[in-house]
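Please treat every number below as a calculation from the coordinates, not as lab data. In this text the structure is predicted, and so the values were computed from the model without any measurement. Please note: Cβ atoms are built from the backbone with ideal geometry, for glycine as well, and neighbour counts cover all protein chains shown.
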Amino acid sequence: MEGMQAYGAGKAGGAFDPVTFFQQPQTILRIVSWVFSIVIFGCIANEGYINRPNEVEEFCIFNRNQNACNYGVFMGSMAFLCCLAFLALDVYFPQISSVKDRKKAVLADVGLSAFWSFMWFVGFCFLANQWQVSNHDDNPLREGGDAARAAITFSFFSIFTWAGQSFLGYQRNTRTPARMQPEALTPPSGGRTWRAPLEVGGGPANSEGAFDGSGGYQRQDY
């Protein structure tokens, strides 16, 4: 099976090629998602809290809703870590020799990427709504407006980068040849395999030869 690939990677133990790795669409989307998460986290953490000139306590720029800022910071930080984990898995993936383990990794990639795409959709709707209903009197100096809009914009872009990762993972699963699937490599009937009859005396075994003497057995006359 020269040149055969199981779930987007060749035989285990091959040398790591960084140029090929960084040219893969899946790697590019992971890096882009990683950058987006940094932008969202940085915008909200640095400029997402403001106060009026006569106030000391700072409030969230999104309609003074602390939950909106907490959601954006949490999602940005967790997406940052998740992207790093997926990149590490992609580097290690060609070293996985078990086809079953490769399938589990690909299915986890598909499921988690789809989950993050949905969570960013929720985050985009949440932040956009809170920004729309914000009272401009709470921010007379118009501080942090660009950062808030950037967080909303990159939350929207993150929906598609994570959805793209899920789609590419799904393609890795469906493009794997049927004979390379774990189900095809598992012996039927609980691991039992059919064996051909043993040959006796250099010739093929047959049911009649076991009784007529040609197979090494003597006929018994009664």
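See the values below:
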| read-out | value |
| --- | --- |
| Loop-located trypsin sites (Lys or Arg not before Pro) in the range 88-143 whose Cβ has at most 14 other Cβ within 10 Å (DSSP) | R142 |
| L141/I28 FRET efficiency (R0 45 Å; Cβ-Cβ; nearest 0.05) | 0.70 |
| Gain upon complete extension [N70, D17; 0.36 nm per residue less C-alpha separation] | 15.2 nm |
| Added length on full extension, which subtracts the Cα-Cα distance from 0.36 nm per residue, F157 to F115 | 13.6 nm |
| Gain upon complete extension [V91, T174; 0.36 nm per residue less C-alpha separation] | 27.8 nm |
| Relative contact order of the range 31-180, defined on C-alpha pairs under 8 angstrom at six or more residues apart (%) | 38 |
| Shape of the range 14-130, Cα gyration tensor, a/c cut at 1.5 | prolate |
